[in-house]
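The values are calculated or read from the model by the stated rules, or taken from the named source; none is laboratory data. None of the values given here were measured: they were computed from a predicted structure. Using ideal geometry, Cβ is built from the backbone for each residue, glycine included, and neighbour counts are taken over all protein chains shown. Remember, those area values only see protein heavy atoms, side chains included, never the ligands or the DNA or RNA. Shrake-Rupley method; radii C 1.70, N 1.55, O 1.52, S 1.80 Å.
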Amino acid sequence: MRSQVTKTVLWAFFSALFFALPSSAQTNITGLWDFQTPTGDGNVHHLYLDLKQDGQTVTGKVSFEPNRSVPISDGIVRNGALHFVVNFGRPPRTRRVTYDGTVKGDKITLTSRSVGRPEMNGVAMRANPSVLLPPARLPLPALHNVADNGLARTPPMGWNSWNKFAGKVNDQDVREMADAMVSSGMKAAGYVYINIDDTWEGPRDANGNITSNLKFPNMKALADYVHSKGLKIGIYSSPGPQTCAGYEGSYGHEQQDADTYAAWGFDYLKYDWCSAGEIYKNTEMQPVYQKMGDALLKTGRPIVFSLCQYGEDDVWTWGAKVGGNLWRTTDDIQDNWKAMSGIGFSQFDIAKYIRPGHWNDPDMLEIGNGGMTNEEYRTHMSLWSMLAAPLLAGNDLRTMSEGIKDILTNREVIAIDQDPDGTPVRRISDPESTAVVLERPLHGGSTAVGLFNKADHPQDVTVQWSDVGMSNKTLKVRDLWKHADVPASGASYTATVPAHGVVLLRVTPLH
Ligand code: GLA
C-alpha cells in the first residue's frame, strides 16, 4: 500500500515537472515528413505529413501521392508527444485514423490506429518538399491509328482478382483459381483469362525493370503454370507513376514494361488511369493509351489491351483507335443491386460502339460475392450478356455454390454474350419503365430478348413480336434460365418476372 502511495506521489511530481516544461524547448515539427511503413509484400508505403506547429497546436495535411492530400484535425504536440486525426474518404464512407507518436529531433516514431486497432507502425523522417511534385511531364505522341491486334473477336471471358481479393491476392490464390477454373467447368464453358489486378507490383530494379513483390515470387513461373492448364493470364498497370492502390505504375517505362509482360508470358493487360490524372488532362487520354497500345504491339506477343479510365472523354469513340480491345465505361462496380443495376441499365446509348475486337466494359462481375440474391445475379449475367460485355468473374471460384456455378456457366446465356456478330443491344421499352425489354439480334437469324424487372415487386413484362421483327412467323422460343422451350403463339409474349429478376429468351423463326 505504502509503495503504491509513494509511486503516486512520485508520478505526480515528475509529471508536474514534465508538463511544466515550455513546449518551445521541444523541436518545432513544422515541415514535411515522410512516414514510411513496410507493406509486408516488400514495398514501402509513404505517407507525407505536411505539418505546421503553432505552440502546441498542429495543423496541416497528409498526402499519399502528389496533389492528393487530406487535412489533419485535432493536432496537438506536447512534450514530444504528437497526436492528430485524419478522416480519409468522403462521408458516409469516411475512415477515421488516429496517429500518435513521439518526436525526437528529426525523427517521429508513429503508430496509426483505425477502428481502435493499430494499423501502421513506422518512423517519419524530414523530407524534401520536391518529393510531392509530380514527375516531369513526358511529351505525348502524335495521334495515329494503332493496328488491330486481331484479339477478342468476342468479349473476353475469364476471372479477375480485384472484386474478391483486392490487395490480398497472391501467387497461390492465382494458381488455385486457375485450377478451379478447370475443375468447376468454367473453362469448358468458355472462360479463358486469369487476370491479376492491382498490388502484384514491386519496386524497379537498377535497370528500371519492374519487379513483382513478395506475394508473387516468380511471374514467369506463374504464367507457365496458368498456361499449363490451357488458360491465359492477365496483368495490370497504370500509365501514371502509381496505380490506384499506390503501387508502381508504368509512367516513363511503357515499352520496358510491355516487354517485361511479354517476356513473362502475359496475354492481357488492364491499364488503369489512376495517378496519370496528376500529370495529364482527361482530354489527353487518347495519346497516353495509344503509347501503350503501340508498345504492346511492338512486343510481338498477342496481348489483349483493356483500357480502364472509367468511361471518361467518350472513350468508346477512340478506344479502338489506340488498340483497345475493351474499355471501361463506368466507375467501379460494387456487389449490390443499386450499383450493378445502375451500371447495367445505363449502357444502352453507347451500345452502338461495340464490334468484334472492341467492346464496352461495364466492369467485372460480382456474381457469387454475396451482396446480391441469385435472382439478382441472374439479372447481372443476363444483362452483361445482352450488352456483349466482357464476362470476368470476380468471385472465389474455389468455394462457389452450385447455384452460382450454374449462373456463371449457363452456356445458353454465354452464347448470347459470345455471339460472333457482336450486334449491339437495343432497348425497346420506355426508358422510364421498370419493366425493361431488350433485344439483341444474333448470328443466323435468331434474336435474344431480355424481359427485366427493375421493380421491388413481381410484374408482367411483355414483348411484342412486331417490335423484334418476329411478327407473323412461327417461332421457337427458348427460356435460357429454365433451359426449356416455352409455348408462344399470338402477337406477343408475357412473363411474370420476379422482383429484380429476368426472363431471357432466344427466339428463332422456324419459317
Ligand atoms: C480502379 C479500377 C478497379 C481496380 C482498382 C485497383 O479502382 O477501376 O477495377 O483495378 O483500381 O486498384
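The table below lists the values:
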read-out: Identity of the residue in segment 73-89, within 28 Å of the chain's Cα centre (by Cα) and open to solvent by 20 Å² or more (accessible area, probe 1.4 Å), that ends up farthest from L32 (Cα to Cα); value: G89
read-out: Which listed residue, of Y271, Y289, is modelled with pLDDT of 95 or more, within 20 Å of V146 (Cα to Cα), within 16 Å of the ligand (Cβ to nearest atom) and in a helix (DSSP H, G or I); value: Y289
read-out: Unmet requirement for L49, which otherwise passes all of (1) surrounded by fewer than 20 Cβ atoms within 10 Å (Cβ to Cβ); (2) within 21 Å of C244 (Cα to Cα); value: (1)
read-out: Unique match (being touching a Leu at 6+ places or on another chain (Cβ under 7 Å), farther than 21 Å from G403 by Cα and at pLDDT 95 or above) among P509, P441; value: P509
read-out: Every pair of residues 6+ apart whose Cβ atoms lie under 6 Å, when the first sits in segment 446-471 and is closer than 19 Å to P424 by Cβ and among the hydroxyl-bearing types (S, T, Y) while the second is open to solvent by less than 40 Å² (accessible area, probe 1.4 Å) and at pLDDT 95 or above; value: S446/T508; T447/E439; T447/V468; T447/V507
read-out: Candidate set: segment 232-268, residues that are more than 10 Å from the ligand (Cβ to nearest atom) and among the aliphatic types (A, V, I, L, M); chosen: the one most open to solvent (accessible area, probe 1.4 Å); value: A263
read-out: Among residues of segment 318-363, those that are surrounded by 19 or more Cβ atoms within 10 Å (Cβ to Cβ) and closer than 18 Å to S238 by Cα, counted; value: 11
read-out: Unmet requirement for A339, which otherwise passes all of (1) in contact with a helix residue (DSSP H, G or I) (Cβ under 9 Å, 6 or more places away or on another chain); (2) within 16 Å of the ligand (Cβ to nearest atom); (3) closer than 22 Å to P458 by Cα; value: (1)
read-out: Unmet requirement for V103, which otherwise passes all of (1) assigned by TED's automatic domain parsing to the domain that holds A245; (2) more than 22 Å from the chain's Cα centre (by Cα); (3) of a type in the set (A, V, I, L, M); value: (1)
read-out: Top-ranked residue in segment 308-324 [being in contact with a Ser or Thr (Cβ under 7 Å, 6 or more places away or on another chain) and not in a helix (DSSP H, G or I); ranked as nearest to the ligand (Cβ to nearest atom)]; value: Y310
read-out: Residues (acidic (D, E) and either within 16 Å of the ligand (Cβ to nearest atom) or farther than 23 Å from P139 by Cα (or both)) located in segment 292-307; value: none
